[in-house]
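Here the structure is laid out as structure tokens; the discussion comes afterwards.
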Amino acid sequence: MFYGAVVWDPWLIVAQIVCLQCFYYLTLGIFLATLVGTRVSRISLVYFFDYATITVSTATGWCVIASFLLSAIAGAGYLVYLIERAKKCLDFAATLYIFHLFICIVYGGWPSSMTWWVVNGTGLVVMSLLGEYLCIKRELREIPITRLRSNV
């Protein structure tokens, strides 16, 4: 079967979305614990889902911003291994950030901070473009030939 001639499998797509979302939040948690956890007494879901924590007016806010952007870079790596196709990277990255928006709305209301929109928009662009670049690099690798050629 040719590469790309795959039947449409909705369960695979749902599984990819769930895995990507889980890995993204796991990575975000690690970065938040590393960068923000040293500055605050207790890490909570506020740093994940409340738009008020993403601010440029405090050093902790800058650490939260760095955590979100570093998670977007790591998310691009996850796209390479979970999605494997450059033309699907934007779809899956946008789905991740749309789900994140819905969770943020449920948790803390509509994000009214312009900084939140800039950080998440930048994260979406970074994740999708870097993911596409890495997928294209992977797709264009030469196929190794393990067989020895005879010198005729």
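Readers should treat all values here as calculations from the given coordinates under stated rules, not as data from a laboratory. Values in this document were obtained by computation on a predicted structure and should not be read as measured data. Cβ sites come from the backbone with ideal geometry, for glycine too, and all protein chains shown count toward neighbours.
Against the longest alpha carbon principal axis of the chain, how many degrees, from 0 to 90 and to the nearest 10, is the axis of helix 10-35 turned? Roughly 50 degrees between the two axes. What do you get for the angle between helix 114-139 and the principal long axis of the chain? Use alpha-carbon atoms, 0 to 90 degrees, nearest ten. Orientation of helix 114-139: about 10 degrees from the principal axis.
Each peptide in 111-118, 72-79, 40-47 receives the mean, over its residues, of other Cβ atoms within 10 Å, and ordering these scores from highest gives 72-79, 111-118, 40-47. Peptide packing: for 27-36, 49-58, the average count of neighbouring Cβ atoms within 10 Å per residue gives the ranking 27-36, 49-58, highest mean first. Rounded to the nearest 20, the size of the Cβ-charge dipole of the chain about its Cα centre is 400 debye, with Lys and Arg at +1 and Asp and Glu at -1.
Taking label positions 7 Å along the Cα-Cβ direction at both Val14 and Trp117, the computed distance is 3.3 nm, reported to one decimal. So how far, in whole Å, is the C-alpha centre of region 69-144 from the one of region 1-63? If we compute the Cα centre of each part, the gap is 10 Å.
A value for mean projected area of the Cα convex hull in nm² was derived from the coordinates, and within the list (1) 9.1; (2) 12.4; (3) 11.7 it appears as (2). For the chain, the longest principal axis of the alpha carbon atoms and the long axis of helix 59-82 meet at an angle near 20°. The calculated 222 nm mean residue ellipticity attributable to helices in the chain amounts to -22500 deg cm²/dmol, summing -39500 (n - 2.57) over DSSP H runs of n ≥ 4 and dividing by all residues.
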